[in-house]
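Chemist: Once you've had a glance at the structure underneath, I'll fire off some questions.
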Amino acid sequence: MNPSVPTLEDDRIYPLQPLLLSNGGTLAVMNAIKILSQFQRCLLKRNQLLSLLLVALLSSGCQLMNRNVSVADNIHLALGNPSPAAALPADRYHLFQRSQYVLLYDRTTNTPAWASWQLNASWLGNLSRPEFTPDPEMPTGWFTVTPRSYTGSGFDRGHIVPAADRNRTSEDSSAVFYMTNIAPQAPDNNRGPWEQLESYCRTLVRSGKELYIIAGPTGQGGVGSMGEKDAIANSKITVPAAFWKIVVVNDQPNLGLTGITQNTRVIAVLMPNQQGIKEENWQTFRTTIRELEQRTGYDFLSNVPSAVQNVLETQANY
């Protein structure tokens, strides 16, 4: 508040009665008018401050509500949040909510815990690949993975959300090349069955399907081109033992949760993070969603009605 404007606690506002009694009528009236004018300005100032405060509070409330709505209504979490952020320690996990995907990052492994994204033909393009880059939204004080963290490790910079799933715009493409979307992946895994399944998913969406995909690493200890390792980058980045992926296939776009029935096709795989599997077909590594839940501790398809969920989680489809 401006110090030249009296506050309600300012002594200059209160001596009106003594002033009227001790001065002549004209002087008293002039002083009274002056004091009342000051008092009015003070009230206006205070009202302005109260208005600003109210706007700020309402704005904050709206922002908080928007954040909550964005989690609940985020298209990439249409089938459910595998591990609600509210139940996780904030000093270990950070939930990245982007227009391209939602990703839970684990500070102890410096890799994604999981990523979830919608895929239909509207996401596909043909932009060239950008450079890998540190995530500009990494929480303050956390170790920042850089592209050089993987140099000489024997492991690929393996995308969780694939590069070719998000290459219609430069913004989309850049978002999947943040190092928070990367985990150490054995070259034969990354360039073999894992890539085969990624390509197959894009073939499905080009035929008119819409997919909801969740994927991530699990365990510790993989075999890259330079042998077995539990961690890289001076033990700051955990090497996963395996990679898992769940694909839920809607027959057409824009159906969302309403399109999921007991007859909906689902694909679930668990692929070892090792060399020697490059020529293996991705179907070799089929499993069930229920088995992946037991392996990871996550709750998949939590927004799907339980009767439908129980059917989908126990079948292993091609």
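The values are calculated or read from the model by the stated rules, or taken from the named source; none is laboratory data. This structure is a prediction, so every number in the text was calculated from the model and none was measured. Cβ atoms come from the backbone with ideal geometry, glycine included; neighbour counts cover every protein chain shown. Just the protein is used for accessible areas: all its heavy atoms, side chains included, with ligands, DNA and RNA removed. Shrake-Rupley method; radii C 1.70, N 1.55, O 1.52, S 1.80 Å.
Chemist: How large is the Rg to Rh ratio of the stretch 120-246 when both quantities use alpha carbon positions and Rh follows Kirkwood? Could you put the intermediate results ahead of the total?
Modeler: Working: Rg = 15.0 Å, Rh = 15.4 Å.
Ratio value, two decimals: 0.97.
Chemist: Run through the stretch 168-259 and list the chymotrypsin sites (Phe, Trp or Tyr not before Pro) located in a DSSP loop whose Cβ has at most 13 other Cβ atoms within 10 Å.
Modeler: Numbers: sites: PHE177, TYR178, TRP194, TYR200, TYR212, PHE243, TRP244; in loops: PHE177.
Loop-located and lightly packed - none at all.
Chemist: At a 1.4 Å probe, what is the % contribution of carbon and sulfur to the accessible area of the stretch 166-318?
Modeler: Values: 2620 of 6370 Å².
Roughly 41 percent of what the probe reaches on the stretch 166-318 is carbon or sulfur.
Chemist: Still on this structure, I have one more. Can you tell me the mean projection area, over all orientations, of the convex hull of the stretch 232-316's alpha carbons? Units nm², please.
Modeler: Working: hull surface 30.0 nm².
Here the figure is 7.5 nm², rounded to one decimal.
Chemist: Something else about it: For the stretch 96-137 and the stretch 158-185, what is the separation of their C-alpha centers, rounded to whole Å?
Modeler: Spelled out, the Cα-based centre of one part sits 5 Å from the other.
Chemist: How much net charge surrounds VAL239 when only the other residues with a Cβ under 12 Å from the Cβ of VAL239 are counted, with Lys and Arg +1 and Asp and Glu -1?
Modeler: On the way: positive: LYS229, LYS236; negative: ASP156, GLU228, ASP230.
Local charge sum for VAL239: -1.
Chemist: So what is the relative contact order for the stretch 222-290, in percent, with contacts set as C-alpha pairs under 8 Å and at least six apart? Don't jump to the answer; show the numbers that get you there.
Modeler: Working: 84 pairs, mean separation 22.4, N = 69.
Value for the stretch 222-290: 32 percent.
Chemist: Using the heavy atoms of the protein chains alone and a 1.4 angstrom probe, what is the accessible area of the stretch 228-318 per residue in square angstrom? Walk me through the intermediate numbers first.
Modeler: Details: 4370 Å² over 91 residues.
For the stretch 228-318, the per-residue accessible area is 48 Å².
Chemist: Roughly how many debye, to the nearest 20, is the charge dipole of the stretch 118-231 about its Cα centre, given +1 on each Lys and Arg Cβ, -1 on each Asp and Glu Cβ, and no other charges? Write out the running numbers ahead of the final one.
Modeler: Details: 10 positive and 13 negative charges, 52 e Å.
Roughly 260 debye for the stretch 118-231.
Chemist: Could you give the length gained on full extension between SER207 and ALA121, defined as 0.36 nm per residue of separation minus the Cα-Cα distance, in nm? Write down the numbers at each step before the final one.
Modeler: Details: separation 86, 0.36 × 86 = 30.96 nm, distance 0.85 nm.
Using 0.36 nm per residue and subtracting the Cα-Cα distance, I get 30.1 nm.
Chemist: Related question: Considering only protein heavy atoms, with the full assembly of protein chains and a 1.4 angstrom probe, order LYS245, LYS236 by accessible area, largest first.
Modeler: On the way: LYS245 5, LYS236 90 Å².
The most accessible residue leads, giving LYS236, LYS245.
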